[in-house]
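What follows is one structure encoded as structure tokens, with my remarks underneath.
The values are calculated or read from the model by the stated rules, or taken from the named source; none is laboratory data. Nothing here was measured: the structure is a model prediction, and the numbers come from that model. Cβ sites come from the backbone with ideal geometry, for glycine too, and all protein chains shown count toward neighbours.
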Amino acid sequence: MLNTIKKLFLKKSRKEESKSLEAVEWSPYTDERLTNAHGVYIQNLVAMAGKVDAERKVFGSSKHKYQLRPVLSLEELKAFEVKYQISLPEEYVFFLTHVGNGGAGPYYGLTTLEKLIGTEEHAAAIRNEALIDKKLSRAQWQQLMDETEEDDDLYDKAMERLYGGMLNIGTQGCTYDNLLMLSGSEAGKIVYIDWNLFSDYPPYLTNMTFLDWYENYFKEIIQGNSTSSYGYFRLGSEEKLKRDYATANKEEKHDILRSLYRFSAVDDHTVAFIQQREDKELDTLRLDLLLKFDEAAAMEMFHLLLSGENSEAAVACARRIPEAEKDGYYTTMAKLLWDETLQEKSRVIFFMKECSVFTGKDLLAFAMDKTLAENDRKTAVWAISNAKDCMTYLNEFILWMDEESYWVAHAALQGMAREQHPKLVDAYYRMWEKYSTDQTMRSNLVIAFENNGIQIEKEMSQR
């Protein structure tokens, strides 16, 4: 489909190009693709994606509205390069002079050239050697970020290095941005960064040049594929991904399977491919994909995994099985709470709470067992507080509120704060004294007292 579209665009634009080329004596682009016709093709690609997404359901489209800003002249770009003493990537120069100066693009769109360098610190450091490079290992990133946490001077020096050779061309929202690299191994390519700068989350290399990244985004929309997490998934058809899988290493296989999420539906051959199980570590991913594409195949695999093949993978996906199937697995899932090998007990609790047959009684012994992990017990107390029979366990809630475990006590307090009972009020008074300097706990206690007709802060001020 896209090849046909491109041929139509090129046929139309070549006539226009032939006229304009007569007056042009030279081209600043070494890449033969970078022609007037290709610029028109990209503009039409954007317009077609806008028609496909007429209701603006694609994330970020309601902001950029598939509109491109007017192009710039080569003279304007040259002035920018001279001002900051940098050289812009060829594909990006082509885009700015033939397609648009920002506007429509992945996520919330592209920033205009004038806003690419937002601070004096960035302007001063952009000519530095790029820190973001394939040579930057995860360990090196961790060390650099860890060193900056409590030392402002080290932080400033780290930012000088980080700003080297990069332009911030757009945002994904929150703290996530899209960078265009000017130097290093990623020169001309797109990199994603989280400005929280967590030591265990280094910049993500998309391995896509600017135009590949830009054009493929709109192709995905036109083909009806999901653009959620665009750039983090591999592109390509179902068949190509399956071919690549055959010779991929373990990490690559995981990436290829994840990339199937892009599709709204897959064919029967791909469903059969997903069902193959040569690595238990991929079971969760395979099951999750089947739940999206083929519920019958998914439930067959879910039953097999839950029966002992890989209960951890089954538990990880349990909340996503069809609602009509959940009650049938309630008892089996509840038994897994006592499986010492299972890591994710909270997931079992969340699943149980969503079942229509759930009662607090089924979690009571688990929540009362102080030998178990605090986080799991806290989750169990929260779930019981949402059960239909929660007030049956009033005495247990009072015991939990008096516990030394902060988070179990907190969950019990929040669970009972909406209820009214004299026994609860006595427990609230004890907690008020115990947590005299804890604003989080006391703010919940104020609500709990108020629901029992007591203005605790006013009462305490009069004593």
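For every residue, the table says whether it meets (1) at pLDDT 95 or above; (2) within 23 Å of Ser183 (Cα to Cα).
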site	(1), (2)
Glu22	no, no
Glu25	no, no
Arg33	no, yes
Lys57	yes, no
Lys63	yes, no
Glu76	yes, yes
Pro89	yes, yes
Leu96	yes, yes
Tyr108	yes, no
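Taken over segment 375-398, the criterion of being among the charged types (D, E, K, R) and surrounded by fewer than 14 Cβ atoms within 10 Å (Cβ to Cβ) is satisfied by Lys388, Asp389. Set side by side, the residues Arg277, Arg286 differ, and just one is at pLDDT below 95 and over 30 Å from Trp382 (Cβ atoms), which is Arg277.
Taking every residue in segment 334-355 that is at pLDDT 95 or above and pairing it with any residue that is among the aromatic types (Phe, Trp, Tyr), at least 6 positions away or on another chain, the pairs with Cβ-Cβ distances below 6 Å are Leu337/Phe366; Met352/Phe358; Cys355/Tyr330. For segment 353-364, the condition holds for no residue, the condition being that it is surrounded by 15 or more Cβ atoms within 10 Å (Cβ to Cβ), among the hydroxyl-bearing types (Ser, Thr, Tyr) and under 18 Å from Glu340 (Cα atoms). Per the listing Leu260, Leu211, the residue uniquely at pLDDT 95 or above, in contact with a helix residue (DSSP H, G or I) (Cβ under 6 Å, 6 or more places away or on another chain), in the same structural domain as Gly102 (by TED's automatic domain parsing) and under 28 Å from Lys57 (Cβ atoms) is Leu211.
Condition check ((1) surrounded by fewer than 20 Cβ atoms within 10 Å (Cβ to Cβ); (2) in contact (Cβ under 8 Å) with a residue 60 or more places away in the chain) across all residues:
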site: Gly170; (1), (2): no, yes
site: Cys174; (1), (2): yes, no
site: Asn178; (1), (2): no, yes
site: Asn196; (1), (2): yes, no
site: Phe210; (1), (2): no, yes
site: Lys219; (1), (2): yes, yes
site: Lys240; (1), (2): yes, no
site: Ala248; (1), (2): yes, no
site: His254; (1), (2): yes, no
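Suppose the filter is in the same structural domain as Gln275 (by TED's automatic domain parsing), more than 27 Å from Ala265 (Cα to Cα), of a type in the set (Asp, Glu) and part of a helix (DSSP H, G or I); does Asp288 pass it? It is false that Asp288 is in the same structural domain as Gln275 (by TED's automatic domain parsing), more than 27 Å from Ala265 (Cα to Cα), of a type in the set (Asp, Glu) and part of a helix (DSSP H, G or I). Scanning segment 101-139 for residues that are under 24 Å from the mean Cα position of the chain (by Cα), without any contact (Cβ under 8 Å) to a residue 12 or more places away in the chain and not in a loop (DSSP other than H, G, I, E, B) turns up just one, Ala139. Selection of segment 149-182 for residues being within 25 Å of the chain's Cα centre (by Cα) and modelled with pLDDT under 90 yields only Glu149.
Which members of segment 313-328 meet the condition of being more than 20 Å from Ser226 (Cβ to Cβ) and surrounded by fewer than 19 Cβ atoms within 10 Å (Cβ to Cβ)? Matches in segment 313-328: Arg319, Pro322, Glu323, Ala324, Glu325, Asp327, Gly328.
Among the residues of segment 90-124, those that are surrounded by fewer than 19 Cβ atoms within 10 Å (Cβ to Cβ) and over 26 Å from Phe59 (Cα atoms) comprise Glu90, Thr119, Glu120, Glu121, Ala123, Ala124.
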